[in-house]
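S.K.: Before I ask anything, here is the structure I am working with.
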Amino acid sequence: MSTAERTRWFEQTRERQKGINGLSASVTQRKRHPLLKEEAVNKGKLSFRKPGALRWEVEKPESMIVVVDSDTITTYYPLRREAERRDVRDNIASRTAMDFLASGIFLSLPDLERRFLIDIFRGDGQVVLRLIPRSKMFSRSIASIRIVQDAAGGLPQRIVVQGTKGDLTETTFSKVVINPEFPPDAFTLRLGPEVHVTEAGRPERDRVDGP
């Protein structure tokens, strides 16, 4: 896209997204790495509500629920009856991932431009953003990120993260619903007393069981 087309497209996208506060979608995530014989495939459902509430229920290959609120990320493995909690505010990787997911799905141009150099391409009914990390630390592990959107409606279709060591993670969205009615406890994960909960970053003696 030319500079004028790029500016116009972002303005149109921003207008479309003014009334969007959240979405739900079916998600398939494929991970490939030179050291792995086969690609790893996760399938599940994603729920996201601005500014930073997320629930990701993975159905395959292993049941897993990840819930993120403004302070905490909790990963729960129902079959193992195990869970891990960590403070998002104190974990740079988790906070960066959440910030990117929010800005990537809802295309906050100022947020993206602070972190990445951006190229935009249009074709085959899609708009593709190619992001190159500005941060030297981030660029050690991430070579590029592509965000693919439907050109007409601006709905997210795919996010592809290319690593620097030949690894690749492709997340595909389908059955996207804008502003769904979330249950009151959609972003709350209540764990029973039978669940062993690890508080990440704390020594073994400080680990606790139960919620």
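S.K.: Given (1) assigned to a loop (DSSP other than H, G, I, E, B); (2) modelled with pLDDT of 90 or more, where does Leu189 come up short, assuming only one miss?
M.R.: (2)
S.K.: Also, I was wondering about something else. Being touching a helix residue (DSSP H, G or I) at 6+ places or on another chain (Cβ under 8 Å) and open to solvent by 90 Å² or more (accessible area, probe 1.4 Å) is the filter here, so list the residues in the stretch 1-17 that pass it.
M.R.: Arg14 - this is the single residue of the stretch 1-17 that is touching a helix residue (DSSP H, G or I) at 6+ places or on another chain (Cβ under 8 Å) and open to solvent by 90 Å² or more (accessible area, probe 1.4 Å).
S.K.: From the residues in the stretch 123-142 that are in a strand (DSSP E or B) and among the aliphatic types (A, V, I, L, M), which one is most open to solvent (accessible area, probe 1.4 Å)?
M.R.: Among those residues, the one meeting the criterion is Ile132.
S.K.: Among what's in the stretch 171-200 and is among the hydrophobic types (A, V, I, L, M, F, W, C) and touching an Asp or Glu at 6+ places or on another chain (Cβ under 8 Å), pick the residue that is surrounded by the fewest Cβ atoms within 10 Å (Cβ to Cβ).
M.R.: For the stretch 171-200, the residue satisfying everything is Ala200.
S.K.: With respect to Ile145, determine if the residue is surrounded by 15 or more Cβ atoms within 10 Å (Cβ to Cβ), touching a residue at least 40 places away in the same chain (Cβ under 8 Å), over 19 Å from the mean Cα position of the chain (by Cα) and assigned to a strand (DSSP E or B).
M.R.: Taking the combined requirement at face value, the residue does not satisfy it.
S.K.: Sort out which residues of the stretch 18-41 are outside any loop (DSSP other than H, G, I, E, B), open to solvent by 20 Å² or more (accessible area, probe 1.4 Å) and either hydrophobic (A, V, I, L, M, F, W, C) or more than 20 Å from Thr172 (Cβ to Cβ) (or both), and write them in order of number.
M.R.: Ala40, Val41
S.K.: For Ala4, which of the numbered conditions (1) aliphatic (A, V, I, L, M); (2) in contact with a strand residue (DSSP E or B) (Cβ under 8 Å, 6 or more places away or on another chain); (3) part of a helix (DSSP H, G or I) fails to hold?
M.R.: Only one criterion in (1) aliphatic (A, V, I, L, M); (2) in contact with a strand residue (DSSP E or B) (Cβ under 8 Å, 6 or more places away or on another chain); (3) part of a helix (DSSP H, G or I) is unmet by Ala4, namely (2).
S.K.: Before we move on, is Leu168 under 21 Å from Arg30 (Cα atoms), at pLDDT 85 or above, hydrophobic (A, V, I, L, M, F, W, C) and open to solvent by less than 20 Å² (accessible area, probe 1.4 Å)?
M.R.: In short, no.
The values are calculated or read from the model by the stated rules, or taken from the named source; none is laboratory data. This structure is a prediction, so every number in the text was calculated from the model and none was measured. Ideal geometry is used to build each Cβ from the backbone, glycine not excepted, and the neighbour counts take in all protein chains shown. Ligands, DNA and RNA are excluded from the accessible area calculation, which covers all protein heavy atoms including side chains. Shrake-Rupley method; radii C 1.70, N 1.55, O 1.52, S 1.80 Å.
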